[in-house]
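Let me begin by presenting the structure, written as structure tokens, before commenting on it.
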Amino acid sequence: MQHIIEQQRAYFQSHETKSISFRRKQLKRLKQAILAHEQNLFKAIASDFQKSAFDTYTTELALVYHDIDIALSNLKLWAQTKSVKTNLVNFPAKSYVVPEPLGVALVIGAWNYPYQLCFGPIVPAIAAGCTVVIKPSEIPSATSAAIATLIKESFPANYITVVEGGIPETTALLKQKFDKIFFTGSTYVGKIVYKAAAENLTPVTLELGGKSPAIVAKDANLKMAAKRLVWGKFLNAGQTCIAPDYIWVDRLVQEEFLNLLVAEIPKEKFDVANGNYVQIINTRNLERLEKMLLPKRTVIGGVVDHENRTISPTILKDITFEDQCMQEEIFGPILPVISYTDLDEVISKTIKLPKPLSCYVFSSNQKTKNRIVKEIPFGGGGVNETVMHISNPHLPFGGTGGSGIGSCHGEAGFRAFSHYKSILDKTTMFELPLKYYPHTNKKLWWIKQFFKW
């Protein structure tokens with residue numbers, strides 16, 4: 001591990017990665033490499049958890065391609081030196097800010113969207129001018145191998161390389177001194193990464209998770225809410241960090257809304273065989289999710305297929321915060337529904353929980369929308385929509401509190417891998433003597449006047 005880092009640091013210090021032309025060339029190379037390996041990527045992820053080519057493209061590769069295109073279109077603007085105002089105290093001078101790459105970056109990906117969560121962060125890392133070590137999740141092993149092959153065939157190891165393996169390899173990487181760590185995964189592991197980064201005062205971006213609520217008001221378009229919530233929740237079999245984890249629904253419309261959810265699920269034809277569904281990633285997670293099922297409070301679903309490693313889309317009703325499904329992030333195809341009588345109850349209980357990565361509000365009342373957005377802290381989300389905010393590169397994506405630190409996508413991603421160096425460039429033609437010794441009351445008076453202007 002140390003040799004890998006030393007090679008990359010030496011290459012970074014050659015300054016070759018810093019030119020705009022070099023960065024653009026590498027972004028194009030990454031896109032071309034992914035395009036060339038698309039079929040291998042589809043095959044690998046299908047063997048890991050039966051994700052279809054359609055879902056792999058729409059929820060992973062399309063976002064990466066779009067991020068690359070956005071970076072290519074805006075890189076010159078993002079990377080340019082920006083002039084800022086100079087205050088009177090520093091007259092005469094000019095002031096400017098220079099974005100510079102942080103250096104050698106470590107990107108630790110997650111298993112649920114293995115391509116998007118590995119390739120996605122290296123797009124802004126390349127755009128910023130960093131070198132990158134990628135550590136894919138070892139859980140989807142075929143996918144990890146496919147990523148490693150793609151990178152090895154496309155980039156020299158002293159610029160971008162992949163380290164495969166599990167906990168021992170990740171632990172060994174975290175002992176090294178990086179200039180930036182970008183981690184996507186659970187809050188539990190995020191704490192380990194954060195602690196390791198603190199040993200070297202390494203800046204981090206942590207994309208974590210949490211119990212993201214959806215709130216359905218009585219004035220919502222219930223049919224559309226049901227359609228969008230079913231799609232957002234059961235996409236990737238619920239194994240999505242920004243999936244709605246549970247639903248608050250106004251008691252006055254609860255039964256109607258539950259009926260709409262039940263009616264919507266069969267329309268989506270969720271089935272691994274037809275490519276509209278995926279497996280639970282492994283047996284351990286399947287068994288974890290199975291413990292959350294409550295047969296007597298199941299509205300639809302709850303069917304566990306151990307052989308095919310699936311759980312049918314499941315809706316649970318009459319749920320309380322004491323139930324097992326409300327004790328941790330579900331990260332699977334189980335959707336608890338909790339009724340409420342007034343919005344004060346929703347907000348007061350939600351804000352007592354760890355800050356979620358996302359929140360979704362379904363309402364036609366602007367006051368209700370504004371109140372939820374303003375009063376509940378969360379990373380990002382949607383009004384009358386789920387999940388799709390991640391597809392807009394102009395919206396910074398990231399968590400807050402227990403759901404993450406920092407943000408990415410578009411210019412926010414470029415900033416995550418950059419340091420903004422502040423420069424004051426002063427003339428040597430003349431100098432005001434106020435700051436120099438000896439200090440006098442007259443000089444102090446003048447200094448006070450300058451700071452007022």
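Coordinate-derived values only; no laboratory data. This one's a predicted model, so the numbers in the text were calculated from it and none came from an experiment. Cβ sites come from the backbone with ideal geometry, for glycine too, and all protein chains shown count toward neighbours.
With θ taken as phi - 60° and the Karplus curve 6.51 cos²θ - 1.76 cosθ + 1.60 applied, the whole-hertz 3J(HN,Hα) list for the stretch 299-311 is 7, 7, x, x, 8, 9, 10, 5, 5, 8, 6, 9, 10 Hz, x standing for glycine and proline. The overall shape of the stretch 357-402, judged from the alpha-carbon gyration tensor, is oblate: a/c is not under 1.5, and a/b is no greater than b/c.
The equivalent ellipsoid that matches the C-alpha gyration tensor of the chain spans semi-axes of 44, 30, 19 angstrom, in descending order.
Relative to the globular-protein estimate of 2.2 N^0.38 Å, the Cα radius of gyration of the stretch 213-391 stands at 0.97.
If I fit a long axis through the Cα atoms of helix 2-12 and take the longest principal axis of the Cα atoms of the chain, what angle between them do I get, 0 to 90°, rounded to 10? So the helix axis and the longest Cα principal axis differ by about 50 degrees.
In a reduced charge model with +1 at each Lys and Arg Cβ and -1 at each Asp and Glu Cβ, the chain shows a dipole moment near 2160 debye about its Cα centre. Computed from Cα positions, the angle between helix 141-154 and the longest principal axis of the chain comes to roughly 30 degrees. Couplings for the stretch 359-375, taken from phi via the Karplus curve 6.51 cos²θ - 1.76 cosθ + 1.60 with θ = phi - 60°, read 8, 10, 10, 10, 6, 9, 9, 5, 5, 5, 4, 4, 5, 5, 4, 7, 9 Hz in order; Gly and Pro are left as x.
The lysines whose alpha-carbon is closer than 19 Å to the alpha-carbon of residue 367, local same-chain residues fewer than 8 away aside, are 218. Using a cut-off of 31 Å between Cα atoms, the listed pairs 43/317; 51/223; 76/426; 82/233 include 43/317; 82/233 as exceeding that distance. Annotation: extensible slack from residue 392 through residue 83 equals 108.4 nm (criterion: 0.36 nm per residue apart, minus Cα-Cα distance).
Label positions at residue 345 and residue 328, each projected 7 Å from the Cα along the C-beta direction, are separated by 2.9 nm.
With 0.36 nm allotted per residue and the present C-alpha distance subtracted, the residue 268-residue 38 stretch has 80.2 nm of extension available.
Note the full-extension length gain between residue 375 and residue 148 as 0.36 nm times their separation in residues minus their Cα-Cα distance, in nm to one decimal.
Stretched out fully, the residue 375 to residue 148 stretch lengthens by 77.4 nm.
As a rough footprinting exposure proxy, the listed residues 407, 52, 21 were ranked by other beta carbons within 10 Å of their own, and the order from fewest upward is 21, 52, 407. With just the Cα atoms defining each centre, how far is the stretch 415-431 from the stretch 81-123? Give it in Å. Distance between centres, Cα-based: 15 Å. For the cross-link pairs 152/175; 175/291; 85/421; 355/421; 28/191, the ones whose C-alpha atoms lie over 25 Å apart are 175/291; 355/421; 28/191.
Here the stretch 290-340 has an Rg and Dmax of 10.7, 38 Å, counting Cα atoms alone. Between the beta carbons of residue 95 and residue 352, assuming R0 = 35 Å, the FRET efficiency works out to 0.20 to the nearest 0.05. Each of the peptides 429-435, 164-170, 366-372, 232-238 was scored by the mean count of other Cβ atoms within 10 Å over its residues; in descending order, highest first, they stand as 232-238, 366-372, 164-170, 429-435.
Taking other Cβ atoms within 10 Å as a rough exposure proxy, 344, 245 sort from fewest to most as 344, 245.
Against the chain, whose longest principal axis comes from its Cα atoms, helix 187-199 is set at around 20 degrees. Placing a label point 7 Å from the Cα of residue 73 along the Cα-to-Cβ direction, the residues of the stretch 376-407 with a backbone N closer than 15 Å are 391-395.
Would you give the gap between the C-alpha center of the stretch 1-55 and the C-alpha center of the stretch 234-277, rounded to a whole Å? Taking the Cα centre of each part, the stretch 1-55 and the stretch 234-277 sit 35 Å apart.
Dividing the helix sum by the residues of the chain, where each DSSP H run of 4 or more adds -39500 (n - 2.57), gives a mean residue ellipticity at 222 nm of -12500 deg cm²/dmol.
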